[in-house]
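A short worksheet on the structure shown next.
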Amino acid sequence: MLMNKKVIILGGGLGGLFTGALLAREGYQVTVIEKNKTIGGGLQMFSRHGIDFETGMHMLGGLRPGGSIRKICEYLGIVSQLDIKPTDHDCMDSITYLSDGMTYRIPEGRENFIAYLAQHFPHQASQIKAYVDKVYELSEEVDLFYLRHEDGNIFNHSEMFMWPANELIAHFIDDERLRDLLAYMNPMYGGVENHTPAFVHALINVLYINGTDRFAGGSQQLAYALAKVITNHGGEVKKGEKVKRVVVDADKQVERIITNKGNEYVGDAYVASFHPCALLEVIDDEAFSKAYKNRIMNAPNSYSTFSVFISFKPESFPYINHTCYFQDDYGSVWKHSDYDAVTWPRGFMYMTSPEHNQGKWASKMIINSIMKFDQVEQWRDTTTGKRGEDYEHWKQEHITKVLQRLEQLQPGIGECIDHVTASSPLTIRDYYNVKDGANYGFRKDCKNIALTQLSVFTKVKNLFLTGQCINLHGICGVPLTAINTVEAIERSHDIIDRINNHYQSLNKT
């Protein structure tokens, strides 16, 4: 256990805030340093024409009673501060194929999920059940997913655990259309054919099949709630201050942090919660070996996103209480990132985000289309608001393409639109400080899992890692990784027991 219990966290995104909140709750003195004027990373929101839009955290899993993330939030005492709206029980997601006009309305709940798909694919009924059973079995192999103690050996798993996700589906399912449908959540984890491990596919699917929710009023509320835990326990959250240098001494320990404002921060332990490639840009060269730095720089990153943000005219477009997906045709779900100017977008996700006390009418819509960074490579060296007329023209062309597709899916929606804006992979890169605008950090690759499976420990003795590049991304993976980071700092595995015991005591009362 550290003697002075002072921890400096680099980055105030989801990973940094959860790690900081847990450490503060454990009695550590925490300082979070965030480069943006707004904390939260993927929880950040922005305002256009009086409408607040989420930038990254649109759907929530694990927050239902008994869920792992619910238990963590209860331990931190923030559940009452969150306005959570469940999606429709009988339709958590809809998937429309333009090729045949078919829309599938996927219900939540394991048995409901099986029964619905068996109704549409009766010749695959037994295979569907076997597939879902296997997905849940694979999730059980990840102890941390259920807040159980783990041995930390990712190679100590069943054979199918590291299969490619598409091969897992094909092993059980014969129908090509159903194979495609079962992979519809690919945009939620950066799914890539023959590379994404089956366990990633399993964890995300189980998370959402068990029930999905949304933030009513936006995702920023979670960032504020976590920051409040830190400050209420005597910590600090520094906004608008960028880490300029991580100074490492001759004994391979971080000596201090220097920011762009000339401030210096000294602690007993340091946690980097931004992309490891961004860490390499600010840490002293001698901190890591050449091999380690090459590994990080050459690790494959997940693809990025082109997002369109729509504000509606008052009482013009109905609120949809589930997430909508569209695809051109069956067989393309693994190929959304492979396109040209003619075929883009082959598919996208769209949703009407809820407000507090959401009524019948939607105020806004967010549309996310997969996009590789090479589409904006020519503007790599530009900054926000200074990318030039060519970029703005390119962006408008892509907005038009998305809206044309949307009109096919929701005829007449164009008449409901008041304002439209968009963001590209460059926006994600600059606001989240992630290499090439990678949505989910490093891309997990079943063919070389060790390449992208970083430890929370580093060769710098008092420097630890957290965030979506370490284990899993998103509302589930990042808080669970924060537990790993806290355990590493404490040299103890007691925090899982404390979280579970706290939740049990709440249920008894």
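The values are calculated or read from the model by the stated rules, or taken from the named source; none is laboratory data. As the structure is a prediction and not an experimental result, all values here were calculated from the model. When we count neighbours, we look across all protein chains shown, and the Cβ atoms used for this are built from the backbone with ideal geometry, even at glycine. Remember, those area values only see protein heavy atoms, side chains included, never the ligands or the DNA or RNA. Shrake-Rupley method; radii C 1.70, N 1.55, O 1.52, S 1.80 Å.
Observations on the model:
- Put simply, when 322-328, 157-163 are sorted by average Cβ atoms within 10 angstrom per residue, most first, you get 322-328, 157-163.
- Within the accessible area of segment 369-509 (1.4 Å probe), percent carbon and sulfur: 47
- Point-to-point label distance, Gln408-Asn232, nm (Cα→Cβ direction, 7 Å offset): 5.0
- Rounded if a/c under 1.5, otherwise prolate or oblate - segment 278-328, Cα gyration tensor axes: prolate
- Peptides 418-428, 246-256 ordered by packing proxy, namely the average of other Cβ atoms within 10 Å per residue, highest first: 418-428, 246-256.
- Dipole magnitude of the chain, debye to nearest 20 (Cβ charges: Lys/Arg +1, Asp/Glu -1, about Cα centre): 1300
- Degrees separating the helix 220-232 axis from the principal Cα axis of the chain, which is the longest one: 20
- Farthest positive-ward along segment 100-258 dipole, Cα basis, beta-carbon charges - from Leu178, Ala216, Leu138: Ala216
- Potential lengthening of the chain between Trp361 and Ala450 amounts to 27.3 nm, from the contour at 0.36 nm per residue minus the alpha-carbon distance.
- Inverse mean reciprocal Cα-Cα distance (Kirkwood Rh) of the chain, Å: 23.5
- Over 26 Å between alpha carbons, listed pairs Lys71/Lys239; Lys244/Lys444; Lys35/Lys228; Lys313/Lys372: Lys71/Lys239; Lys244/Lys444; Lys313/Lys372
- Contact order normalised by residue count of the chain, Cα under 8 Å, 6+ apart, percent: 23
- Virtual spin-label span in nm between Asn500 and Phe46, 7 Å along Cα→Cβ: 4.3
- The spacing between segment 332-410 and segment 236-252, judged by their C-alpha centroids, is 35 Å.
- Beta bridges per DSSP, both residues in the chain: antiparallel share near 70 percent.
- Computed helical MRE - 222 nm, the chain, DSSP H runs ≥ 4 contributing -39500 (n - 2.57), nearest 500: -10000 deg cm²/dmol
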